[in-house]
Amino acid sequence: MAEIGHFINNTKVAGTSGRQQPVFNPATGASETQVALASVEEVGQVVAAAKAAWPEWSKTPALRRARVLDKFKSILWERADELAEAISREHGKTHDDALGEVTRGLEVVEFATAAPTFLKGEFSENVGTGVDTHMIRQSLGVVAGITPFNFPAMVPMWMFPVAIACGNTFILKPSERDPSASILLGEWLAEAGLPEGVFNVVQGDKVAVDALLDHPDVKAVSFVGSTPIAQYIHQTGTANGKRVQALGGAKNHMVIMPDADLDMAAGALMGAAYGSAGERCMAISVAVPVTDAVADALVEKLIPKIEALKIGPAADRSSDMGPLVTRQHLEKVTGYIDKGESEGAKVVVDGRGFRMDRQGYEDGYYIGGTLIDNVTPDMTIWKDEIFGPVLSMVRRDSYQDAVDLIHDHSYANGVSVFTRDGDVARNFSQDIEVGMVGVNVPIPVPMAFYSFGGWKASLFGDHHMHGMEGVRFYTRMKTTTTRWPTGMRTDPEFVMPTLG
Ligand code: NAD
């Protein structure tokens, strides 16, 4: 069986730990490859390679670093299909959705090519008589990114383009469920002219993650994944003296006000709840119609659309939705629907009955789109992140009830409101305690030149990802104060210098 190994010093390297695990094709349920799981020693080798590359890379002119990324961007455009196919093969998402992921990642590369501009410092002359001060942003050293299965190309690209544009060297620890994209990214960066050791991939599980968190030469860790692990990464990494940004799970609500265009809202809900089989941290998983009349009308509009969802493998380019990522995840999502039903919610459209009858795909991890009405805040299916094509509906009587519901949730990644009332829209975007807000936009993912991140249990740390927040995370400030001999006093000065 072919093994996906590591990528160190611009070379593919086989694992030596003797530990590996199978990688499945969720569309068929078959496994043709396995992924190496790194040992502590292998992580040490990767860190050593990245550390050796840092002194030269950090002093390489920012414009030259940006040009390598510019070349990499061109390669990504040309080979987007190839990368999308690799993503779909191990993740299961449709080809067009995988292409969308590649494009959103590529936009961060595009942002990072502006490094010479965003790394410009500040200078003040005569902060005191004959004294000047300047501030620069310098790289940290070796930084690591630990990423989830659901965006095997985009989430790494939220991190490494900005990190390496700023002069750091980078180690990616991708999800062990879909590791192939990381190797393609490494090969294409090398082809674009990135020096050895600047971008490296180490495959693995908790052993590799803990080795990165414990290694004194890793200066910062970026993490995206589930909340319990995000919290663990943040606690362990910061206790070890590292900078950490750790993005966690989500439960994103969409409020539909009585004055909203319900056809528009229903269409938006379909894409936001069922796109990528709901395996998006910005998926809408809770619809919050204000008033029963809005809820009833919305249910009527949604039922035929959900029943018409075309579920199939990425190989069929007309599929709307692919399978879930693993059999265990399929069982978990199915279990949540069972739980919702037993807790008294109404399963209006039931995806549990879906059977894939296409030859060769019978064992894939497919489930149909599901709509559950009359969900209440005491139910597990409202509290937990399900991460599948399951839309819960929590009915509310007023705008304020809807806002209170959202504020009661522990997650605060994304949220949206559908309304034609400017006052409601403005109050909502000002008052809602959630990191990313949409007004008549169901999935308000900020563009690459803004920054991505939620609040509360959806993000641990101080910095959001990419955009200027990414630059701040991956650099440290240095101020230099200068006086030249003609301005020097010869007598010693024992009091705090002030301008006087
Ligand atoms: P996950 O937390 O299981 O895994 C994420 C990474 O952590 C992987 O690289 C994995 O190998 C590693 N990991 C897993 N268990 C670990 C442990 N015990 N110790 C150390 N490392 C460990 O997440 P996932 O299932 O791959 O991804 C789905 C989750 O990611 C969802 O909760 C989703 O909301 C979240 N997510 C969040 C965002 C965001 O921006 N907030 C974006 C994408 C995904």
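The values are calculated or read from the model by the stated rules, or taken from the named source; none is laboratory data. In this text, all values refer to a predicted model and were calculated from it rather than measured experimentally. Positions of Cβ are backbone-derived with ideal geometry, glycine not excepted, and every protein chain shown enters the neighbour counts.
State the number of residues belonging to segment 364-391 that are touching a Phe, Trp or Tyr at 6+ places or on another chain (Cβ under 8 Å) and under 14 Å from Val347 (Cα atoms).
Number satisfying all stated conditions: 8.
Matching residues to (1) in the same structural domain as His95 (by TED's automatic domain parsing); (2) more than 16 Å from the ligand (Cβ to nearest atom); (3) among the aromatic types (Phe, Trp, Tyr); (4) within 17 Å of Asn374 (Cα to Cα):
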{"position": "Ile256", "(1), (2), (3), (4)": "no, yes, no, yes"}
{"position": "Ala260", "(1), (2), (3), (4)": "no, yes, no, no"}
{"position": "Asp263", "(1), (2), (3), (4)": "no, yes, no, no"}
{"position": "Ala277", "(1), (2), (3), (4)": "no, no, no, no"}
{"position": "Arg280", "(1), (2), (3), (4)": "no, no, no, no"}
{"position": "Ala283", "(1), (2), (3), (4)": "no, no, no, no"}
{"position": "Ala287", "(1), (2), (3), (4)": "no, yes, no, yes"}
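Looking only at residues that are among the acidic types (Asp, Glu) and in a helix (DSSP H, G or I) in segment 415-435, which one is surrounded by the most Cβ atoms within 10 Å (Cβ to Cβ)?
So, considering only residues that are among the acidic types (Asp, Glu) and in a helix (DSSP H, G or I), the one surrounded by the most Cβ atoms within 10 Å (Cβ to Cβ) is Asp431.
When you scan segment 367-415, how many residues do you find that are more than 16 Å from the ligand (Cβ to nearest atom) and among the small types (Gly, Ala, Ser)?
Here the count works out to 4.
Restricting to segment 119-169, name every residue that is away from the ligand (no atom under 16 Å from the Cβ) and closer than 30 Å to Ala277 by Cα.
If the condition is that a residue be away from the ligand (no atom under 16 Å from the Cβ) and closer than 30 Å to Ala277 by Cα, then Pro161 is the only one that fits.
Give me the residue from segment 183-217 that is among the acidic types (Asp, Glu) and over 20 Å from Ile164 (Cβ atoms) and, out of that set, farthest from the ligand (Cβ to nearest atom).
The extreme case among them is Asp214.
Please enumerate the residues belonging to segment 213-260 that are in contact with an Asp or Glu (Cβ under 7 Å, 6 or more places away or on another chain) and not small (Gly, Ala, Ser).
Passing the criteria: Asn240, Lys251, Met257, Asp259.
Return only the number of the condition from (1) small (Gly, Ala, Ser); (2) closer than 23 Å to Thr238 by Cα; (3) more than 16 Å from the ligand (Cβ to nearest atom) that Ser175 does not satisfy.
Evaluating Ser175 over (1) small (Gly, Ala, Ser); (2) closer than 23 Å to Thr238 by Cα; (3) more than 16 Å from the ligand (Cβ to nearest atom) leaves (3) as the failure.
Here are the criteria: (1) among the small types (Gly, Ala, Ser); (2) within 16 Å of the ligand (Cβ to nearest atom); (3) out of contact with any His (no Cβ under 9 Å at 6 or more places or on another chain). Tell me which single one Gly364 does not satisfy.
If we test Gly364 against (1) among the small types (Gly, Ala, Ser); (2) within 16 Å of the ligand (Cβ to nearest atom); (3) out of contact with any His (no Cβ under 9 Å at 6 or more places or on another chain), just (2) comes out false.
Which one is nearest to the ligand (Cβ to nearest atom), of the residues in segment 218-230 that are farther than 15 Å from Gly453 by Cα and of a type outside the set (D, E, K, R)?
Ile229
Tell me which strands (runs of 3 or more DSSP E) are completely within segment 106-152 and hold 3 or more residues being buried (at least 24 other Cβ atoms within 10 Å of the Cβ), or say none if there are none.
Ranges flagged: 142-146.
Out of the residues in segment 442-456 that are touching a Gly at 6+ places or on another chain (Cβ under 6 Å) and in a loop (DSSP other than H, G, I, E, B), which is farthest from the ligand (Cβ to nearest atom)?
Residue satisfying both the conditions and the ranking: Phe449.
How about segment 110-130: which of its residues are at pLDDT below 95 and touching a helix residue (DSSP H, G or I) at 6+ places or on another chain (Cβ under 7 Å)?
Matches in segment 110-130: Thr129, Gly130.
Give me the pairs: first residue in segment 28-39 and at positive phi, second residue buried (at least 18 other Cβ atoms within 10 Å of the Cβ), beta-carbon distance under 7 Å, and six or more apart or on different chains, which are they?
Cβ pairs passing all conditions: Gly29/Gly364; Gly29/Tyr365.
Do the conditions hold for Thr481, that is, is it away from the ligand (no atom under 13 Å from the Cβ), touching a Ser or Thr at 6+ places or on another chain (Cβ under 7 Å) and more than 30 Å from Ile256 (Cβ to Cβ)?
Criteria met by Thr481.
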